[in-house]
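What follows is a single structure, written as C-alpha cells, with notes after it.
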Amino acid sequence: MAYSGGLDTSVILRWLIEEYGCEVVAYCADVGQEEELAGLPEKARATGAVDCVIRDLKEEFVSDYVFPAIQGNAVYEGTYLLGTALARPVIAKHQVEVAKETGCDAIAHGATGKGNDQVRFELTYRAKAPDLTVVAPWRTWDIRSRTDCIEYAKKHKIPVQATAAKPYSIDRNLLHISFEGGILEDPWKAPEEAMFILTSSPEAAPDYSTEIIISFEKGIPVAIDGEKMTGANLLAHLNKIAGQNGVGRVDMVETRFVGIRSRGVYETPGGTLLLVAHRAVESITLDREVMHERDRLSPRFAELIYNGFWFSPEINFLKAAITESQKNVTGDARLKLYKGNILVTGRRSPVSLYSEDLSTFEDDGDAYNQGDATGFIRLQGLRL
Ligand code: ARG
C-alpha cells in the first residue's frame, strides 16, 4: 500500500490487516515532499507492515514527468501547473513494481472517492498491472471522518503523533505544494498568509530585483546562470529563488475529473519560472506553424495529465509530437524577478530564427523587398 506515515495511511495499513487478514507491504515514494523518511520503516512495522520499501523518485519525477509537461506548456484550465497530477503516475508506477517484487496480489492507496488522485493511481495500476486487485478503503469502509480515524488509531494502538486538526489537505513534491479544504472551501475567502510554505508574499519579498538566466536544450532546462544541474537540483534551486521573490502562487477553482468544482491554492515557484523562460526561448527558436500546432495540443495534454491518463496511447501520441516540436528549442532566457513578477529581459540562441536584418526599422539593404507585401496582402484580401 502507498504509505506516507500520516494518520490516514497508518489507519489504512492496519485496516487492511484487520479486514483481509493479509500481510501488507508499505511503500513510500520520495518525490521531494520533504517529510522525514528516516523513521518510516520502523513506524510502518510498528503499525503492522511486514516490510517497508522507500524509493527515491526525485530525479525521475523531474526528468520524465515535470520536464515533458514544461515542453508541452501543460497548464490545466489555464492556471494549474499540475504538480500533484504529474507526481501520481510516477508514484503508482513504482508502487506496482514494488508490489510485483514483493509478491503482492493486491494494491492499495489512501485517496478518497471524491478526488482526482484515486483515478490517477488506479489508471496507472490498470496500465501497468491489470491483474492486481485494487483496494481503495476510503470508498468502502465506514470510517467517515478524521475523528473516526483518530478513534480507530487509538483502538488499535497505532503510533500517530497527536496533531492538531490539519487545517488543509496538503500535497507537496518538488514541483509544488497544494492546499485544499478547510477555510479554502469558501472560494471567496482569501487564504491566510501563514499557510504558505514555499513563497513569500510580494509585500515581504525583497525591494530589489533578482536576475536569473535559464538555459534549455531541446526544450529541457539544463542550467541556471551557466551552471549545469540535474533536473531535481535545478528545480529545487529555482523554487528557492522564485519563492523568495514571491513568484508562483495560484488561487483558483478547478473542475475535477468527476465533475466537482474545487478551490485550490498552489505554490509552484520554480515551475512558473520554467514556463515563462521556456516560452521566451521558444519565441526565437520554434517555427511559427509548429508553435501554433503545439499550442493547440497543450490544453488537451494538460487535460490528459490532470485526468490521470499519463500511461495511455493517446498521451504517447501527443508526447511524440511535442518532443518533435522541441528539437530546435535550445537557448537561454534571462528573467528578472521582483515582488511576485517575472519579467523577461532577454533571450538568445545559437539556433535562433530571429533575424535583425529582416526585422530592422533601419535600411535592410536587399534582405526584404517591401514591394512583395503588396501582392501578399492583395491576395489575402481577395475573398474579403
Ligand atoms: N486539485 C489538485 C489536483 O487534483 C491537487 C490535489 C491534491 N491532492 C491531495 N490529496 N491533497 O491535482
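Here are a few things to note about the model shown:
- As a calculated quantity, the FRET efficiency between Thr323 and His292 at R0 = 22 Å, using C-beta atoms, amounts to about 0.80.
- Rg(Cα)/(2.2 N^0.38 Å) for segment 321-384, N = residue count: 1.71
- Less than 5 angstrom separates the built amide H of Ser209 from none of the residues sequence-distant by 5 or more or on a different chain.
- Subtracting the Cα-Cα distance of Phe257 and Val344 from their residue separation scaled by 0.36 nm leaves 27.9 nm.
- Over the chain, relative contact order from alpha-carbon pairs under 8 Å, at least 6 apart, %: 19 percent
- Structure note, pairs Lys128/Lys319; Lys43/Lys114; Lys93/Lys154; Lys128/Lys189; Lys228/Lys339; Lys189/Lys319: Cα-Cα distances above 30 angstrom occur for Lys93/Lys154; Lys128/Lys189; Lys189/Lys319.
- Full-stretch length increase - Asp56, His237 - with 0.36 nm per residue and alpha-carbon distance subtracted: 63.3 nm
- Taken along the Cα-to-beta-carbon direction at a fixed 7 Å, the label points for Ile183 and Thr140 span 3.9 nm.
- Percentage of interatomic Cα-Cα distances in segment 51-205 larger than 22 Å: 56 percent
- Calculated from backbone phi, Karplus (6.51, -1.76, 1.60) coupling profile of segment 373-383 in Hz, x at Gly/Pro: 5, 4, x, 4, 6, 4, 6, 4, x, 3, 7
- What the Cα convex hull of the chain gives, in volume per residue, is 180 Å³.
- Its DSSP H runs of at least 4 residues, each contributing -39,500 (n - 2.57), put the calculated 222 nm mean residue ellipticity of the chain at -12000 deg cm²/dmol, to the nearest 500.
- Shape summary: segment 1-52 maps onto an equivalent ellipsoid whose semi-axes, from the alpha-carbon gyration tensor, are 19, 10, 9 Å in decreasing order.
- A convex hull fitted around the alpha carbon atoms of segment 198-240 yields 82 Å³ per residue.
- Reachable lysines from Lys336, criterion Cα separation under 16 angstrom, eight or more residues apart if same chain: Lys240
- Debye intensity ratio in log₁₀ form over the Cα atoms of segment 252-370, taken at each q of 0.16, 0.17, 0.18 Å⁻¹: -0.99, -1.07, -1.13
- Candidates per GluC sites (Glu not before Pro) in segment 322-384, loop by DSSP, up to 13 other Cβ within 10 Å: Glu362
- For segment 334-366 and segment 247-304, distance of Cα centres in Å: 23 Å
- Between Lys157 and Asp207, full extension at 0.36 nm per residue minus the direct alpha carbon distance yields a gain of 12.8 nm.
- Other-chain or far-sequence residues with amide H under 5 Å of Gly5's (modelled H): Ser10
- Taking 7 Å steps out from each Cα toward its Cβ at Ala46 and Ser355 produces label points 7.0 nm apart.
- Cα-projected label distance for Leu37 with Glu193, points at 7 Å along beta-carbon direction, nm: 3.5 nm
- C-alpha long axis of helix 313-325 to longest principal axis of the chain, angle in °: 40 degrees
- Amide H partners (placed H, <5 Å) of Arg347, local residues excluded: Arg334
- Ranked packing of 143-149, 173-179, 106-112, 31-37, most packed first, by mean Cβ within 10 Å: 173-179, 106-112, 31-37, 143-149
- Note on Asp64 and Val276: with the Förster distance fixed at 30 Å, the Cβ-Cβ geometry gives a FRET efficiency of about 0.85.
- Dimensionless Rg/Rh of segment 37-132 - Kirkwood Rh, Rg from C-alpha atoms: 1.01
- Ranked packing of 126-132, 82-88, most packed first, by mean Cβ within 10 Å: 82-88, 126-132
A short reminder: the numbers here are calculations on the coordinates, not readings from a lab. Just so you know, these numbers come straight off a predicted model, no measurement behind them. Note: ideal-geometry Cβ built from the backbone for every residue, glycine included; neighbour counts use all protein chains shown.
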